[in-house]
Amino acid sequence: MSEWLVLTIAMAAACAVVLTIVVINHRRVDRRLGEDDDPTQTPDVMEYMTMMIGVIYAIVLGLAIAGVWEARGGAQDTVRHEAQALHEISERVEVYPPAVRERIREDAEAYARHVVAEEWAHMAEHGELTDRGTELLAKLRRSVTDYRPADDHEGQAYQPLVDQVAVVDDARGARGESAEATMPGVVWFGLITGALVTVGLIFTLQIRRTFRELLLAGLFSALIAFLLFLIWAFDAPFGRGISATASPFTDLFPQIGG
């Protein structure tokens, strides 16, 4: 059973139960009250219901914003860890012979350049990593692991280098998992439906055409639209304007450019 069908059934069942209870209770009250009862004296619950719906929706919006912001921060930390591990590889090969050292540094730089120049745009557009990036990382791994240390000094640097390659690989995998949008469709359905209901309830309060009331209604609607836009902008950590950046790579490898 799909999540949309479950959602539809749950919402329909909730509405049916509430409406049935209200109708039954209303008929029972009508039989008990006399003809002289004045319903206008009954406390109006419309403002209370409007306030509660607004509060509930505000909580949902806050949780959604916190969730996508945390996802964006986690994605940026992943990029930083990947770039830092790559930089550590370039620095720690200083103890290796010049030919081996330069080969490993060239492989690390080629990988960083590909991430910044090509893979970043590919992630934003397609939500996935590139095969070329995987190949470049595999080449870097072979350059590190294929070399046999000639003495104890080089041997002490070998295992940390292998570990840093593993860190790069792990961070790259995490970056790939974060490339897609984090908010599922059912959540967006709830956010948009809640926005329509919350804004629509303004009309139940008998709003008049005074400047003050029209201004408040307009500002309230604009605020809801802005918060939804903020969630949408943070939803894809690598794909939209307010997204994680490749600055850790360009900061640690300035030679690759922007």
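The values are calculated or read from the model by the stated rules, or taken from the named source; none is laboratory data. Everything numeric in this text was worked out from a predicted model, so none of it was measured. Heads up, the Cβs are rebuilt from the backbone with ideal geometry, glycines too, and the neighbour counts pull from every protein chain shown. Side chains included, ligands, DNA and RNA excluded: accessible areas come from the protein's heavy atoms. Shrake-Rupley method; radii C 1.70, N 1.55, O 1.52, S 1.80 Å.
Taking helices (runs of 4 or more DSSP H) as the structural unit, those lying wholly within segment 114-231 and holding at least 1 residues that are hydroxyl-bearing (S, T, Y), modelled with pLDDT under 90 and open to solvent by less than 30 Å² (accessible area, probe 1.4 Å) correspond to 185-200.
Residues of segment 92-101 that are among the hydrophobic types (A, V, I, L, M, F, W, C) and open to solvent by 30 Å² or more (accessible area, probe 1.4 Å): V95, A99.
Here is a check on your reading of the model: is F238 under 30 Å from A124 (Cβ atoms) and open to solvent by 60 Å² or more (accessible area, probe 1.4 Å)? Steps first, answer last, please.
On the way: under 30 Å from A124 (Cβ atoms): yes; open to solvent by 60 Å² or more (accessible area, probe 1.4 Å): no.
Against the criterion (under 30 Å from A124 (Cβ atoms) and open to solvent by 60 Å² or more (accessible area, probe 1.4 Å)), F238 does not qualify.
One line per residue, one yes/no per condition, for (1) modelled with pLDDT under 90; (2) in a loop (DSSP other than H, G, I, E, B); (3) surrounded by 12 or more Cβ atoms within 10 Å (Cβ to Cβ):
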{"site": "P43", "(1), (2), (3)": "yes, yes, no"}
{"site": "M49", "(1), (2), (3)": "yes, no, yes"}
{"site": "G54", "(1), (2), (3)": "yes, no, yes"}
{"site": "G67", "(1), (2), (3)": "yes, no, yes"}
{"site": "A71", "(1), (2), (3)": "yes, no, yes"}
{"site": "A75", "(1), (2), (3)": "yes, no, yes"}
{"site": "R80", "(1), (2), (3)": "no, no, yes"}
{"site": "A83", "(1), (2), (3)": "no, no, yes"}
{"site": "S90", "(1), (2), (3)": "no, no, yes"}
